[in-house]
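Here, each number is a calculation from the coordinates, and none is a lab measurement. Just so we're clear, the structure is a prediction, and the values are computed from it rather than from any experiment. For neighbour counting, all protein chains shown are included, and Cβ atoms are generated from backbone atoms with ideal geometry for every residue, glycine included.
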Amino acid sequence: MNRLITLVLLTASVIFTNTSYGQGSPMIKLDGINVVPTTVVTATFTVKKESVRSGPYARFSQKFLGVIAPLTDKDIYTIVDSHMSYVSGETNSQLGSCIAVSSFDNLATGSVEAFSKVTEDRLSSLVTSPEEMARNAAKMIFSLRKSRVDLITGEAGENVFNGGLQYALIEIDKLEKEIIALFIGKHMVSFETKTFDIVPEQGKNTAIIARFSTTTGIVSESDMSGQPIALNVQIVDEPVETSSKRKKSVKNTQEFLVPAQTVCQLFNGNDMLRKLDAQIYQLGRKINLPIPEIK
């Protein structure tokens, strides 16, 4: 009966010590053989990339079509989503490091493939200037639009109806868009996902894991072209040993490791992207608990 009471008291002491550092945080036994368990924080980013490609007739778009088109190619990157999680293991070979564990997962909308070429009806062997080629392309756009109206109103294509009419309209739309792209250019949107593993280190509250630029996206932390993406880890409840003192010294004790309760904040420059409550073992402390002798 005394042995049962002793075991119950010990279990209650362990639970009290454990829950004082965070709800449900486990304590892992250190036997001198296993390495100290390590907590890894994972940060995942989703980046939107908008690509703009200037058309070969862009500088003539306002003159012939009355629209202003981009004259240069450019890529614009935006962080549209981010996530954080953590997991604890029994290895610490990457202490204090940042590892990119996944590459890109692109989902593209649109295309930046080569622009279509408009065939010229030449009456001579003279080389046509770019402006004249743009003028002819613009004339073809207006001709296609007129043909579409004529088909719809019945002014042309009297033998074209039902499925044939729909097919003709689709082909006219497709050709018109290809020629318009020669003036206004092309636009593509894609998404890329990057994941980083970060192992928080004692005495180092902030770790730069990468950098971000609106013109180059997420790049290496050594690339100074972007602003830093950093993980800040703050201990909010340091584990301490139970304050209760035993009058009678205990002969047998067992060493345990209690993780530190922390708040992890993910920053892009001065903007906080995510916050995560995490229990990190390598920032915790060792405690000794008495082991009752079984007689």
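Its alpha carbons considered, the stretch 130-184 gives a radius of gyration followed by a Dmax of 12.7, 40 Å.
Ranked by the mean number of other Cβ atoms within 10 Å of their residues, highest first, the peptides 205-212, 138-145 come out as 205-212, 138-145. Here the simple spin-label model places points 7 Å from the Cα toward Cβ, and for Lys275 and Asp81 these points are separated by 2.2 nm. Inter-label distance, Thr42 to Glu132: 6.3 nm, where each label sits 7 Å from its Cα along the C-beta direction. Extension gain for the segment Phe142 to Gln62, taken as residue separation times 0.36 nm less the Cα-Cα distance, is 27.3 nm to one decimal. Peptides 37-50, 216-229 ordered by packing proxy, namely the average of other Cβ atoms within 10 Å per residue, highest first: 37-50, 216-229.
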